[in-house]
Each structure stands twice: as structure tokens, then as C-alpha cells.
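A short worksheet on the structure shown next.
The values are calculated or read from the model by the stated rules, or taken from the named source; none is laboratory data. Quantities reported herein were computed from a predicted structural model and do not represent experimental measurements. So basically every Cβ, Gly included, is an ideal-geometry build from the backbone, and we count neighbours across all protein chains shown. Just so you know, the surface numbers come from the protein's heavy atoms only, side chains and all, with ligands and any DNA or RNA stripped out. Shrake-Rupley method; radii C 1.70, N 1.55, O 1.52, S 1.80 Å.
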Amino acid sequence: MASSLLFFSPKPSPLLLHHHSRHLNQLPGLSSRRRRRFLDSFAARATKNGEPADPPDRILAAACYLYPFLDGVHYGRFVLTQFPALQLVLQPFVPAIHLFRSSPLTPSLLFFTLYFAVVRNPSKFGRFVRFNTMQAIVLDVLLIFPDLLERTFNPNGGIGLELLQSLDSTVFLFLLASFVYGSTACLLGQVPRLPLVAEAAERRVM
């Protein structure tokens, strides 16, 4: 019973579409082309957004949260030194980290691939995958700010170094929490909403 519900794809009701079409026809100045575009988008939302995500979509959406985590894992150098047990937790990700760092072009290639091949491709991917992918992208873009701070202020000691350690540790823990929360929620078929990035991601995913 559960598996049949998981793969059930609800279709938009013809009566509901007719109801919206009848009201759209009464709006002055609305061309038939715009009416058709609205009805098409309404149908797409009804068939993609309301249904449970299937297992491949869940896995793909969860995997996207690896992107910002791998891009910002170097911020954890102070935390990993203070808590060596975390190094054991991250040990399974070491091959992925090395692969990600193998070329300076890898982050950029992943960015454009995820954005144009997934987020901007509603015909291939449902909103569940595109929204989570966009959240991962926005989270990675936010890493520009701590990177700029490090490049601008590069203290060698004193309170400046302590502030840098606190900043890096905070960024790393936020990335780690976002990765764990985002990927776990996706695997469970739920939609995670990350602080600071969810609203920006929603604006980019139609």
C-alpha cells in the first residue's frame, strides 16, 4: 500500500482547470496566449509539486547538498583539530573531497551543471529536485563572504586569529548541519528549508 502511494502521480482535475479557464476568460486584456501559459503552469504545478518524490529524485536532491559541503569543508580545519573524532565521521567523504579538489575548475563546472541542467530544466526534473538543488547552489554562493573576509583580513595571531577561527568554525558547522539536515530530509521525501537560503532558492525556482 505504501509503495503504491509513493509512486502515485495525481493529475490535475479537469473540472478545476475548467474553473480557472472560465475565470481567466473573464479577465480583460489577458491574451489567449497568456491564458494558455497560465493553465500549462498550473497543470505542471498540480502534477509535480503535489506528488511525493520518488526514490531517484530523493537521492539526487540529497546528493546536491554535497556540493556546498565539499566546497567549504576547508573551513573545518580548526574544528577538526580540536575534535579529532569528527575526522572519523568525515573519513567516507575523503575520496569525494580529493576529487572535488583535483581541479580548480571543478566547483565552477558543478555550479553551471547544477544550475542549467537541473534548476533551469523543469521538463526533466520536478520542483522537489530543482528547489533542493537551488538551495545547495545558494548556500555555496554564500561562501563568497567568508572567503572575502579571509582574503582581506589574514591575521597571524592575537584576537584577529581567534575571530578567524570562530568564523571558520561557524561556517563549517553550518555547512555540516545543512548537509545532514538537507540530505536526510530529501531521503525521507520531505522538503528542507535552510535558513538564509530557502527564500532565495524559492524565487529562482518557478
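Could the peptides 96-105, 118-127 be put in order, highest first, of the mean number of other beta-carbon atoms found within 10 Å of their residues?
For the peptides 96-105, 118-127, the packing ranking is 118-127, 96-105.
Take the alpha-carbon centre of the stretch 147-206, take the same for the stretch 73-105, and report the distance between them in whole Å.
Centre-to-centre (Cα) distance: 15 Å.
Just need the Rg to Rh number for the stretch 135-206, please, alpha carbons only, Kirkwood Rh.
Values: Rg = 15.0 Å, Rh = 13.8 Å.
Taking Rg over the Kirkwood Rh, I get 1.09.
Which value, in Å², gives the accessible area per residue of the stretch 144-206 when a 1.4 Å probe is used on the protein heavy atoms? Intermediate values should be presented prior to the final figure.
Details: 4060 Å² over 63 residues.
Ligands and nucleic acids excluded, the result is 64 Å² per residue.
In Å³ and rounded to a whole number, note down the convex hull volume per residue for the Cα atoms of the stretch 88-175. Intermediate results must be reported in sequence, preceding the final value.
Values: hull volume 12.0 nm³, N = 88.
With only Cα atoms used, the stretch 88-175 gives 136 Å³ per residue.
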